[in-house]
Amino acid sequence: MIINLSKLLDGSENIVKIDDVFDLSYLNIRGKRVEFHKPLALNGGIYKTDDGIFINLDISYEYTDVCDRCLEEFTNKQTSVLSGKIIEKAEDDSKEEITIYLDKGKIDLEKAIKKVIVLDFPMKSLCNSDCKGLCPKCGINLNGEQCECDTTDVDPRLEKLKELLD
Ligand SMILES: [Zn+2]
Ligand SMILES: [Zn+2]
């Protein structure tokens, strides 16, 4: 995903619009393989101000994930925003999490796009915010079925104790 900024740099334009797609089949995120079924949509632009060159890009994507509670696969839609200053390679590595370097009048967005998605990825994957999960006793998916198990909330640490006492 290389973008040529020569027109921004020579002053003939103040903005380079981005309305494009980016092919990404999967990313490994915190040990999980997250798959993207269609190209990511990129919308935004790169603009020049007195303070430098900046990017503001919406990245819209759809991915499959596995629910942490019911272990079912689900699809999620997300839009992440990539924004920040584009810096010259000569400048020292800033502490910003995502850095885009200008290299011979061009920038490569691939790494930054992947990084934004990884940073935006939820710590907890849920198919639905009120997913009922699996029955801790019999393991059925409580979103669609019901069981007769005694599901009075048991602290997992106490459960071990209860097993020992039984
Ligand atoms: Zn679920
Ligand atoms: Zn059950």
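Values as computed for the structure displayed
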quantity	calculated
Added length on full extension, which subtracts the Cα-Cα distance from 0.36 nm per residue, K32 to Q146	38.1 nm
Accessible carbon and sulfur surface of the range 40-150 relative to its total accessible area, %, 1.4 Å	45
Å² per residue, accessible surface of the chain at 1.4 Å	67
Whole-Hz couplings from phi, Karplus 6.51/-1.76/1.60, listed for the range 56-65; x for Gly and Pro	9, 9, 8, 10, 10, 8, 10, 9, 9, 9
When each of K48/K77; K85/K106; K132/K160; K32/K114; K32/K111 is checked by Cα-Cα distance, pairs over 21 Å	K48/K77; K132/K160
Given charges at beta-carbon only (K, R positive; D, E negative), |dipole| of the chain in Debye	260
Modelled label reach - T64, point 7 Å along Cα→Cβ, the range 7-32 residues with backbone N closer than 14 Å	25-27
MRE, 222 nm, helices only [DSSP H, n ≥ 4, -39500 (n - 2.57), over the chain, to nearest 500]	-4000 deg cm²/dmol
Residue with peak Gaussian network fluctuation, the chain [Cα springs, cutoff 10 Å], from K48, K32, K115	K32
Projected label distance in nm at K160 and K7, using a 7 Å step from Cα toward the beta-carbon	6.4
D19-K85 pseudo-label distance in nm [points 7 Å out on the Cα-to-Cβ vector]	3.0
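The values are calculated or read from the model by the stated rules, or taken from the named source; none is laboratory data. Keep in mind that this is a model prediction, so the values were computed, not measured. For neighbour counting, all protein chains shown are included, and Cβ atoms are generated from backbone atoms with ideal geometry for every residue, glycine included. Surface accessibility is based on the protein's heavy atoms, side chains included, excluding ligands, DNA and RNA. Shrake-Rupley method; radii C 1.70, N 1.55, O 1.52, S 1.80 Å.
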